[in-house]
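Notes for the one structure printed next.
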Amino acid sequence: MASAFKGLHLVPPRQPRPSHVRVADAEGGEATLTLDEYEARAGQPPWQSLPWQGETGPVPDDGDKHGPETSL
């Protein structure tokens, strides 16, 4: 699994401090990490900025319309 992810969202149920973060890497691999595992990976956006599963994030994943992909 990559050290930088592009598809990030919090896993329900909604709670003040979620227990899991769902991540996807550039190669299409997906995983569910505990919040502690996610926070231990340097260079990721803070979990507080992530959308909940099923909600739209700050920038939609629409291919190359927003320019080249960058690591988060």
Modelling each spin label as a point 7 Å along the Cα-to-Cβ direction, I'd like the T56/E37 distance in nm, to one decimal. 3.1 nm
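So if we plug the beta-carbon distance of E27 and Q48 into 1/(1 + (r/R0)^6) with R0 = 30 Å, what FRET efficiency do we get, rounded to 0.05? Please report the intermediate quantities before stating the final value.
On the way: r = 27 Å, r/R0 = 0.89.
For E27 and Q48, the calculated efficiency is 0.65.
The numbers here are math on the coordinates, done by the rules we state, and not lab data. What you are looking at is a predicted structure, and each value in this text was computed from that prediction instead of being measured. Glycine also receives a Cβ, built like all others from the backbone with ideal geometry; neighbour counts cover every protein chain displayed.
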